[in-house]
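Each remark here refers to the structure printed beneath this line.
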């Protein structure tokens, strides 16, 4: 396989060192956008989530601790969030196209994650999905970050740490109201503890493959 040099080639050689071309071999891409057009809907959706919790108070559990998550895994099908569902569906179509899966039919699986003070999600991945993501409905001050674990198993043993070439470094993403994030489902991730009095609320989702005889999103 022919390799193309990376765009960043570093500083010019010094002290007679030979010139070197650098190659980034295992790029991992995530996507994010701020859905500003939906911001006026956020207070309505916060109230809707609290009403859901009051109606179905038992949390589903899974990786969520010290908070509540919906047992309903189809929350984006609710009419209250139809504009959000359409934005997510179109975003997934675009991203899957970039991943070489433009013709792949998919369906959306979706649920609410809510963290009270001290709430978090422990390390996990969304096995079996094509793509995963989250939309942040309410992010109060001192909310925990979304952290992506460095997916290269061998780099855990590197003596080089930090966001430098061949260094080991997890990536922290600070969320905000109205932010949409998409990432490959195989990426391990977790959510740091929430340290606010107001609930931290997001809608998480997977784009799952559609098999013969099933309906797409």
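The values are calculated or read from the model by the stated rules, or taken from the named source; none is laboratory data. Keep in mind that this is a model prediction, so the values were computed, not measured. We place every Cβ from the backbone using ideal geometry, glycine too, and count neighbours over all the protein chains shown.
Could you tell me whether residue 18 is more than 21 Å from the chain's Cα centre (by Cα), at pLDDT below 95 and surrounded by 10 or more Cβ atoms within 10 Å (Cβ to Cβ)?
Working: more than 21 Å from the chain's Cα centre (by Cα): yes; at pLDDT below 95: yes; surrounded by 10 or more Cβ atoms within 10 Å (Cβ to Cβ): no.
No, not satisfied.
Okay, residues lined up against (1) buried (at least 16 other Cβ atoms within 10 Å of the Cβ); (2) in contact (Cβ under 8 Å) with a residue 24 or more places away in the chain; (3) in contact with a strand residue (DSSP E or B) (Cβ under 8 Å, 6 or more places away or on another chain); (4) not in a strand (DSSP E or B):
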site: 133; (1), (2), (3), (4): yes, yes, yes, no
site: 136; (1), (2), (3), (4): yes, yes, yes, no
site: 142; (1), (2), (3), (4): no, yes, no, yes
site: 147; (1), (2), (3), (4): yes, yes, yes, no
site: 155; (1), (2), (3), (4): no, no, yes, yes
site: 165; (1), (2), (3), (4): no, yes, no, yes
site: 172; (1), (2), (3), (4): no, yes, yes, no
site: 187; (1), (2), (3), (4): yes, yes, yes, yes
site: 201; (1), (2), (3), (4): yes, yes, yes, no
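Name the residues in region 97-130 that are assigned to a loop (DSSP other than H, G, I, E, B) and either farther than 23 Å from residue 147 by Cβ or touching a strand residue (DSSP E or B) at 6+ places or on another chain (Cβ under 8 Å) (or both), would you? It would help to see each step written out before you state the result.
Keep residues of region 97-130 that are assigned to a loop (DSSP other than H, G, I, E, B), which gives 99-105, 125-130.
Residues satisfying the conditions are 99, 100, 101, 102, 103, 104, 105, 125, 126, 128, 129, 130.
So which residues in region 49-73 are surrounded by 17 or more Cβ atoms within 10 Å (Cβ to Cβ) and over 20 Å from the mean Cα position of the chain (by Cα)?
Within region 49-73, 52, 53, 59 meet the criteria.
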